[in-house]
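The values are calculated or read from the model by the stated rules, or taken from the named source; none is laboratory data. None of these values were measured; they are calculated from a predicted model. Backbone-built Cβ (ideal geometry, glycine too); neighbour counts: all protein chains shown. SASA here: full protein model, heavy atoms, side chains in, ligands and nucleic acids out. Shrake-Rupley method; radii C 1.70, N 1.55, O 1.52, S 1.80 Å.
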Amino acid sequence: MSGIHYRVRGSGPVLVLLPGGDGDADGYGALGDELAAGFTVVTYDRRGQARTELPPADSLADHADDAAAVLAKVADGPAAVFGSSIGAAIALELSIRHPYSVSRVVAHEPPVSALLPDAEGMALFAAQKRLEEAYATAGVAAAMVAFAQLIAVNPGDREPEVEIGRPDFERPNLEVFLRHDAPAVRTYRPDVSALRADLVVPAVGRSTEGPPAECAHALGALLGVPVAVFPGGHTAPSLRPRGVAEALRAALA
């Protein structure tokens, strides 16, 4: 786990947060602050991100192994994990590769086309491919517009105290996300037979529409478990941190 930059705050049982998009150890700052009163909240920079001294990964298996290494460093035993979007996909692979490292995995809208029926899965795979092509042909801004459309971002669906600044397409982690992490999610094929209903809690945003919601419900059907309903949409961990923290506490109870 040498070279992975991580952050620890709060006290209580260990809870690892795996952000979506290009989120790093400082991602989900408000959500982490909400949870720190009852949990030891751990976040870290994924491979290729600014403060982690490891090259980017083209496989979610590598990201899952890194998450397990962080857990081994900060926890004395199995710990809870919350992941959203790519973070949820990493959390699923973590539960498959390192099931004894986790006590509960809450997977909020993993955009994994392999979870969907053939037609819907092919449509999501194609949309993700178009996002990568937009990056290759027109750059970061065009790709992020495609990304926002894919996950149906609604900036107005947020808690009153959450402020949204102007889009920043110069964030250093974006290049890594678009070049390496987004393709890794698109091509991810989990061993669904190894997913455990006693470990994984699928979660969906109350206002989420389209593929992210479909993936959450497909995961619930696959496992035969209820899908936890969280406030907001796909980006609710950032836009509705107070509500998501409350829902997450309930999902982990």
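Could you tell me the calculated FRET efficiency between residue 145 and residue 73, based on Cβ-Cβ distance and R0 = 35 angstrom, to the nearest 0.05?
Details: r = 38 Å, r/R0 = 1.08.
According to the calculation, E is roughly 0.40.
With every protein chain present, what is the per residue accessible area of the chain (1.4 Å probe, Å²)? Provide the component values of the computation, followed by the final result.
On the way: 10800 Å² over 253 residues.
Each residue of the chain exposes 43 Å² on average to a 1.4 Å probe.
Sequence gap at least 6, Cα distance under 8 Å: using those rules, report the relative contact order of the range 67-154 to the nearest whole percent. Could you put the intermediate results ahead of the total?
Values: 91 pairs, mean separation 18.3, N = 88.
Computed value for the range 67-154: 21 percent relative contact order.
Quick one: work out the % antiparallel among DSSP beta bridges in the range 1-61, nearest 5.
Within the range 1-61, antiparallel bridges account for around 60 percent of the total.
Explain nothing, just the number: dipole magnitude of the range 113-244 about its Cα centre with +1 on each Lys and Arg Cβ and -1 on each Asp and Glu Cβ, in debye rounded to the nearest 20.
60 debye
Suppose R0 equals 45 Å. What FRET efficiency, 1/(1 + (r/R0)^6) with r the Cβ-Cβ distance, do residue 162 and residue 53 give to the nearest 0.05?
The value I calculate is 0.90.
For residue 126, what is the net charge nearby, where nearby means another residue's Cβ is under 15 Å from its Cβ and Lys, Arg count +1, Asp, Glu -1?
Every neighbour counted, the sum reads -2.
Quick check on the chain: helices-only [θ] at 222 nm, where DSSP H runs of length 4 and up contribute -39,500 (n - 2.57) each and the sum goes over total residues. Nearest 500, please.
Helix-only estimate at 222 nm: -12500 deg cm²/dmol.
Taking Rg and Dmax of the Cα atoms in Å straight from the coordinates, which label in (1) 18.4, 60; (2) 16.5, 47; (3) 27.6, 103 is the correct one?
Read-out taken from this structure: (2).
Given the protein chains as shown and a 1.4 Å probe, how many square angstrom of residue 248 are accessible, to the nearest 10?
0 Å²
Please give the peptides 88-94, 202-208, 151-157 ranked by average Cβ packing (other Cβ atoms within 10 Å per residue), highest first, as a rough proxy for protection.
88-94, 202-208, 151-157
When the chain is modelled as a GNM with alpha-carbon springs shorter than 10 Å, which of 214, 34, 163 fluctuates the most?
163
Highest mean first, how do 47-57, 9-19, 230-240, 166-176 rank when packing is the count of other Cβ atoms within 10 Å averaged over residues?
230-240, 9-19, 47-57, 166-176
Treat each spin label as a single point 7 Å out from the Cα along the C-beta direction, and report the residue 153 to residue 194 distance in nm.
The answer from the label model is 3.3 nm.
With unit charges on the beta carbon (Lys/Arg positive, Asp/Glu negative), name the residue among 115, 197, 138 whose Cα is farthest towards the positive pole of the charge dipole of the chain.
197
Could you order 144, 122 by accessible surface area, starting with the largest, using a probe radius of 1.4 Å?
122, 144
With a 1.4 Å probe and all protein chains left in place, how much of the accessible area of the range 82-240 comes from carbon and sulfur atoms, in whole percent? Could the numbers behind the result be given before it?
Details: 3910 of 7120 Å².
Roughly 55 percent of what the probe reaches on the range 82-240 is carbon or sulfur.
In the chain, what percentage of the DSSP-assigned beta bridges are antiparallel, given to the nearest 5?
20 percent
Taking all protein chains in place and a 1.4 Å probe, what share, in percent, of the accessible surface of the range 1-68 do carbon and sulfur account for?
Carbon and sulfur atoms account for 48 percent of the accessible area of the range 1-68.
May I ask you to compute the full-extension gain from residue 61 to residue 11, defined as 0.36 nm times their residue separation minus their alpha-carbon distance, rounded to one decimal in nm?
Values: separation 50, 0.36 × 50 = 18.00 nm, distance 2.91 nm.
That pair, residue 61 and residue 11, stretches by 15.1 nm at full extension.
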